[in-house]
Structures are given as structure tokens and as C-alpha cells.
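**Student:** Dropping a structure here in C-alpha cells format, bear with me for questions.
The values are calculated or read from the model by the stated rules, or taken from the named source; none is laboratory data. Since we're looking at a predicted model, the values are computed, not measured. With ideal geometry, Cβ positions are generated from the backbone for all residues, glycine too; neighbour counts draw on all protein chains shown. What goes into the accessible areas is simple: the full protein's heavy atoms, side chains included, and nothing from ligands, DNA or RNA. Shrake-Rupley method; radii C 1.70, N 1.55, O 1.52, S 1.80 Å.
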Amino acid sequence: MGQKQQPSADPRPDNKKKRRVAFSNIDTGIPAKDCIKIYLVSTKEEVGSTDSLCIDPVDLISFFEDEDGKIYGYPGLKITVWFSIASFHAYADIVFESTSDGGKGITDLKSALQNIFAETLVDNKDDFLQTFSKDVNFIGSVVADGEVLHPKASSNGQFNEAKFHLQAANSDLEVIRLPMDKMAGRNLYSRLVPLALLLIDGSSPIDVTDPRWELYVLSQKNNGQTHPRLLGFAALYRFYHYPDSSRLRLSQMLILPPYQCKGFGCFLLEVLNNVAISENVYDFTIEEPISKLQQLRTCIDVKRLQGFSPIEEAVCSAISQFKLGKLSKKISFPPLLPSPEAIEAVRKRLKITKEQFLHCWEILIYLGIEHDKHMEDFILAVSSRMRDDLIGETTDAEGKQLVDVPTDYDQEMSFVMFRSTNNATGVEMEESRANQAEQLKLIAQKVSSDQIRSISKPI
């Protein structure tokens, strides 16, 4: 039988050194928005100057592999991108202390930047600076192959420079249409893609191989300039509409940041309205407009509708309902809506969709009523319409209920709508009516002060 071996004594117990374990720093990454600055420049002298216009991209996260949009492996990273709004090329100046894999790998910066800037990205700074002279007439050479569109002025709401106090009234403005079945339009749009990705929320490049896409370019040549400059652009898609018509949909529209808030957006949008009217398309729509574009669109359309005689009688009739005296709390807004004939006339003549027209309709009524006498009735009418939109009036609405819920966001604007399993009838929360009325009063005041008044201001 073997015996258990006894451990031998350590001859140097006091001199034995303890082994120390060191942990390397874990790389937590740098958010792309914190280390990337993008400047728009129009001359080579502006390159390197932090006084140039620095833009705020709507999104940088989606261009990086990390789901949080972080960059790994570059301590002290700073990326400065210079984007020329003359040649529409870009150059990235990348500075960092070192590269090291801190557990998350090392981000491929070149690939990530090419996801944004693609073929516009120039590797060498000297080559980038040369584009300001080599491509000085890039815009002029491209638009030379396009169709020049001129705005029209008329009493039915089409474009009139004086209405919008365009700051560039004495400038030589042109809108040029470039179809995607020609190389000029494709080449220009490929250089505009980075601006669309960086500055248009939720945008993605259009399919330039589809000839139903059309590019509209707003350019200007003034102050003795030999070559025109690009102020903005819009991408429209032409859908077929049975049996022999088409529908125009605005998918992307951007006025370059240096030229925003000067009336150029109004100018471009009105020219697009004129295209829809002159070519007698079925209607003109905008794909998921952001709030600022929707506000601009509504300002223009309200002004057009105010000068459109076929609906003047309908507006007056709706306003007269408020002059009959105190309206019942059970009032339903639909009787105050325009007739189907008026809605169809607006679509045929102004190419405004029914949804957009009804969006403008309450503003037109608000402008016509006496606020000190009829505001409460107006709010009740709109509240009724909003309730009907949410709950509905048909059998499909049976069982739907609105319930106020606690929230940290805005108690007065938060609720839950659900359908009960026992087909209970809809519930109207009378105690919340006062809150709804106050909300709608604020909305109506905002419509008057921010939207309608802004028609007389450049946007």
C-alpha cells in the first residue's frame, strides 16, 4: 500500500515573490459624433479654417459597424472632414495618438467614411485642393444639359416672388430638371448623396438606374460670378396613375445649409408645384416630410388656397356656422368640411391631395373666425374631429376606449386607446375635455403665429 506523500517544506518561505496580474484597459470606444466634425467649404482658402460652416449630421451611427456608432482602437481620435460645395468632393483629416486593440477590435475608418462619402472622398489633400480649380464649373457643365424651369405668377396661388420676400429677388435663380436616364443627372446625384445621407433624416440613395426618378437643381449666378453655384436640390419620382396620368412624389429635398432661411426653399417648392400643374399630373405628394418641410408646404398651400375662388364659398359657409350662436358640445366637425366637389377641384387645379387640403382647411377657418367670440366653439369642433379620427364612427370602432395614463412626458398629451373584449362602447372622458380644449387652443395659436405669419417671411 502506498503512503500519502507529505509536502516538502519550502526552504525559502520568506523570500518567495508573489506573482502580480495586470489587466489592460478595456476600450470603451469613442462615439462617432464626438470625434467627427464636418465642414462645408466653397473655396480652398476655407480648408483648414474652423470658422467654416460646421454641419450637424442627422445620423452617424448607421455608418459604423458598432450598434452604438462607436469607433474603437484609436486613442485621441479626431476626424475633420472638409466637403466642397463647389466640386462636391470630400477630404478627411484623421489624427490619433496610436492604434491598439482593446478588446473590441480596430474600426476600419476608411471603409466607414466611404459608406458616407463614397466616390467623393479624396485620399490626398493636395488633390482635394486642386478640385476647386479643376471642377470650378462642375455645376455649370452639368446643368447645361438640363431643362430650365421658370416659376409663374398668377392669382390662383402659383409662385409670386413678392409673396415670400425672397432675399435673392435680384439674383439669377434657375431650377433645372435632370432626368435620370442621362449621365449628367446621375453624375451630379452621386456627388450629392453624402449631403442627402448627412442632412436628410431617414434618407437613402435613390436608384439612378430607374428613369422615373427626376432631379431638380436650384442654382444661382450673381455678383459677377462666371459659374453658377448649387443652392439646393430635390428628387422626385413619377408614379403611373390609371388610366393615363401620373403622380409626382417628392422624396428628397435639401437647401444647402449656407443658403437656408433665405426663401430658396419656397422658390424650389413653388416651381415643383408649377411642374405638377403644367404637366397635369394627378396630384403632388411629399414622402414622409419632416416637420419643417411640412410647415413650409402648409404655409405655401394655405396661401394658394386663399386665392383659389372655387373654395372661397365653402370657407365662408363653414365660418358662418360659428356665427349662428353657441354650438352644441355634441357638434361633429364633418358638416363644416368642404364638399367633395371642392376637394376634387383643389386636386385638379392645384394638385393638392385631399389629406393635405383637409390639413389646411382648419387653418383657413381659424383665420376667418372672430377669435374672441368663436374660439371655444372652434376648439370643440376640432376636438370632435380629432376624437372621430382616433375612435371612428363606424361599427369597426365598437369597443374602442380612450384612457388617460400617467407619464413623465406630458400628461395632457398622453393617452392609451384600446379595444375591450366585451365590445363595450367607446368612452368619452368628459373630465379631460377641458385639457383637450386648452391643447387645441395652443395649437390654433401656434398655427396662426408660426405658420400663417411665416408666409410673409423667408423660409
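**Student:** Would you check which residues across segment 81-102 are among the β-branched types (Val, Ile, Thr) and crowded, with 16+ Cβ neighbours inside 10 Å and list them?
**Tutor:** 81, 85
**Student:** Can I ask one more? Collect the residues in segment 49-70 that are part of a loop (DSSP other than H, G, I, E, B) and open to solvent by 60 Å² or more (accessible area, probe 1.4 Å), keeping them in residue-number order.
**Tutor:** 50, 51, 56, 58, 65, 67, 68
**Student:** Inside segment 340-355, can you point out the residues that are of a type outside the set (Asp, Glu) and on the phi < 0 side of the Ramachandran plot?
**Tutor:** Scanning segment 340-355 gives 340, 342, 343, 345, 346, 347, 348, 349, 350, 352, 353, 354.
**Student:** Give me the residue from segment 337-376 that is aliphatic (A, V, I, L, M) and more than 21 Å from residue 284 (Cβ to Cβ) and, out of that set, surrounded by the fewest Cβ atoms within 10 Å (Cβ to Cβ).
**Tutor:** 367
**Student:** Counting only residues that are outside any strand (DSSP E or B) and among the hydroxyl-bearing types (Ser, Thr, Tyr), which one in segment 213-259 is farthest from residue 296 (Cα to Cα)?
**Tutor:** Looking at the filtered set, the residue picked out is 226.
**Student:** What is the one condition in (1) free of Cβ contacts under 8 Å to residues at least 12 places away in the same chain; (2) surrounded by 18 or more Cβ atoms within 10 Å (Cβ to Cβ); (3) not hydroxyl-bearing (Ser, Thr, Tyr) that residue 185 does not satisfy?
**Tutor:** Here residue 185 clears every test but (1).
**Student:** Another question, then. Quick one: count up the residues across segment 290-311 that are farther than 13 Å from residue 356 by Cβ, more than 12 Å from the chain's Cα centre (by Cα) and assigned to a helix (DSSP H, G or I).
**Tutor:** Counting residues in segment 290-311 that are farther than 13 Å from residue 356 by Cβ, more than 12 Å from the chain's Cα centre (by Cα) and assigned to a helix (DSSP H, G or I) gives 5.
**Student:** Does residue 78 meet the test of being modelled with pLDDT under 95, open to solvent by 80 Å² or more (accessible area, probe 1.4 Å) and more than 23 Å from residue 142 (Cβ to Cβ)? Even if it seems obvious, please write down each step before you answer.
**Tutor:** Working: modelled with pLDDT under 95: no; open to solvent by 80 Å² or more (accessible area, probe 1.4 Å): yes; more than 23 Å from residue 142 (Cβ to Cβ): yes.
Judged against the criteria, residue 78 is not a match.
**Student:** Residues of segment 103-142 being among the polar types (S, T, N, Q), under 31 Å from the mean Cα position of the chain (by Cα) and surrounded by fewer than 20 Cβ atoms within 10 Å (Cβ to Cβ), which ones?
**Tutor:** 111, 114, 115, 137, 141, listed by residue number.
**Student:** Is it the case that residue 157 is surrounded by 17 or more Cβ atoms within 10 Å (Cβ to Cβ) and either modelled with pLDDT of 90 or more or part of a helix (DSSP H, G or I) (or both)?
**Tutor:** Numbers: surrounded by 17 or more Cβ atoms within 10 Å (Cβ to Cβ): yes; either modelled with pLDDT of 90 or more or part of a helix (DSSP H, G or I) (or both): no.
For residue 157, the condition - surrounded by 17 or more Cβ atoms within 10 Å (Cβ to Cβ) and either modelled with pLDDT of 90 or more or part of a helix (DSSP H, G or I) (or both) - is not met.
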